[in-house]
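The values are calculated or read from the model by the stated rules, or taken from the named source; none is laboratory data. Because the structure is a prediction, the values reported are computed rather than measured. Here the Cβ positions follow ideal geometry from the backbone for every residue, glycine too, while neighbour counts run over all protein chains shown. Only protein heavy atoms, including side chains, enter the accessible area calculation; ligands, DNA and RNA are left aside. Shrake-Rupley method; radii C 1.70, N 1.55, O 1.52, S 1.80 Å.
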Amino acid sequence: MSKVTVYSTTWCAFCNTEKQWLDKLGVEYAAKDIEEDKAAYDELMEKIGGEFKGVPVTSIGDDVILGFDRPKLQEALKKNGLIKD
């Protein structure tokens with residue numbers, strides 16, 4: 001099971017950009033489309049306490065990051081040993 005999960009939609013440009021960035025870094029992740037997959041939507045709602053504010057939402061270990069926030073994503077990836085400094 002992947003330590004990184006990206007909750008997204010097909011039409012979200014930031015979602016697609018984030019996935020391309022993770023690919024470039026060589027980080028394995030599970031991509032879950034919250035519009036096509038009801039279980040993924042429910043899983044996301046549970047992680048964020050039911051307060052949906054947009055996508056992407058990225059789960060890295062115990063961290064849940066809203067948006068394509070590179071500094072926060074990099075910090076969480078480093079903390080979980082998924083990328084080096």
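Number of Lys-Lys pairs in the chain with C-alpha atoms under 18 Å apart and a separation of 8 or more places or on different chains: 21. Annotation note: trypsin sites (Lys or Arg not before Pro) in the range 40-85 located in DSSP loop regions with a Cβ neighbour count of at most 11 within 10 Å are Lys53, Lys84.
With both labels modelled 7 Å from their Cα along Cα-to-Cβ, the Asp69 to Ile48 distance reads 1.2 nm.
Each principal axis of the chain carries a Cα extent, and these read 35, 24, 23 Å when sorted largest first.
Surface composition of the range 18-84: carbon and sulfur make up 44 percent of the accessible area, probe 1.4 Å.
Of all DSSP beta bridges confined to the chain, the antiparallel ones make up roughly 65%.
Based on DSSP H segments of at least four residues, each scored -39500 (n - 2.57), the chain has a per-residue ellipticity at 222 nm of -12000 deg cm²/dmol. The H on the amide N of Val4, modeled in the peptide plane, is under 5 Å from the matching H of Ala30, each at least 5 residues off or on a different chain. Sites listed here are GluC sites (Glu not before Pro) in the range 19-85 whose DSSP assignment is loop and whose Cβ has at most 16 other Cβ atoms within 10 Å: Glu28, Glu35, Glu36, Glu51.
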